[in-house]
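Remarks on the structure that follows.
The values are calculated or read from the model by the stated rules, or taken from the named source; none is laboratory data. Keep in mind that this is a model prediction, so the values were computed, not measured. Please note: Cβ atoms are built from the backbone with ideal geometry, for glycine as well, and neighbour counts cover all protein chains shown.
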């Protein structure tokens, strides 16, 4: 038995083996004190319970010089930002888009170089577009009759990417072109794909059959009359993840894939269930689909950011909304991810 300082300068007892340890908590109320990257994960609840411990399976997937493609929900943006802060190159390079804010709007660019994709359908659609299996037609847009952005009249919205808006159809097509270019560059260069899935409740575009990026009317947008609600199934999400994986294997055969589940709860449900019941069902569907894909594909891994957050709940979440994850938890998740999957030698 010996005592050695951990990475935060606190002394800890070493027993049996030297295992890299990351302390999760700056919050004394946190229920999960340690994340350990091991060759074999902990199989016993009693060990977790006694030690407030979560283990990850150590599996080097990327180097400091590798390029990372991060896509998915708002939690994916948090992970991307934190990895960038540690010196990793994370795309897609949305920051390279030259914005003409008098003609078009792309989500929260230029202030936040990220676009949200909350469900597995819209992520799949991007990869299918990349390989030419799907091409969005030039008239595949929604019309917003009251302009909440420039104070005019009619403006035009891309159904498949969050808040991509043009003052004219031509302006919208240019915005979509810029989005496609950035995403395509990110896919074509990536050594590691980190994809975060957030929800199983989706809305189908009635005119095309494709899945829309957001709920109807989000931030003054259209979709109320153009979509129908669909509660997606395990089978549908499994097929989406499988298709995404197969495309990546084809276009970037040496790349690694990490799927994660967003811990951010639904803001509201469109089902007939209570919000807690609906949120639990949706997360369960996605988590089960991810688990099945990980078992079937050697190059796909799962990182338990969802479990890290939920086992510190409610202290993991911001006090203002109880949904979005606090910065201190995101930082610990990224440190654990790097400890588990980065080859820094």
Checklist (1) more than 19 Å from residue 122 (Cβ to Cβ); (2) surrounded by 14 or more Cβ atoms within 10 Å (Cβ to Cβ) applied to residue 236, failing item: (1)
So if I check each of 124, 129, which one is closer than 22 Å to residue 218 by Cα, surrounded by 14 or more Cβ atoms within 10 Å (Cβ to Cβ), out of contact with any strand residue (DSSP E or B) (no Cβ under 6 Å at 6 or more places or on another chain) and modelled with pLDDT of 95 or more? 124
Hey, residue 199 hits all of (1) out of contact with any strand residue (DSSP E or B) (no Cβ under 7 Å at 6 or more places or on another chain); (2) surrounded by 22 or more Cβ atoms within 10 Å (Cβ to Cβ); (3) more than 27 Å from residue 157 (Cβ to Cβ) but one; which does it fall short on? (3)
Cβ-Cβ under 8 Å, sequence separation 6+ or interchain: first residue in the range 44-57 and under 7 Å from residue 34 (Cβ atoms), partner at pLDDT 90 or above and in a helix (DSSP H, G or I). Which pairs? 53/47
Among the numbered criteria (1) more than 26 Å from residue 254 (Cα to Cα); (2) touching a strand residue (DSSP E or B) at 6+ places or on another chain (Cβ under 8 Å); (3) outside any strand (DSSP E or B), which single criterion is violated by residue 105? (3)
The range 1-67: strands (runs of 3 or more DSSP E) wholly inside it with 2 or more residues that are at pLDDT 70 or above are 34-38, 53-57
Only one of (1) touching a strand residue (DSSP E or B) at 6+ places or on another chain (Cβ under 8 Å); (2) farther than 28 Å from residue 316 by Cβ fails for residue 259. Which number is that? (2)
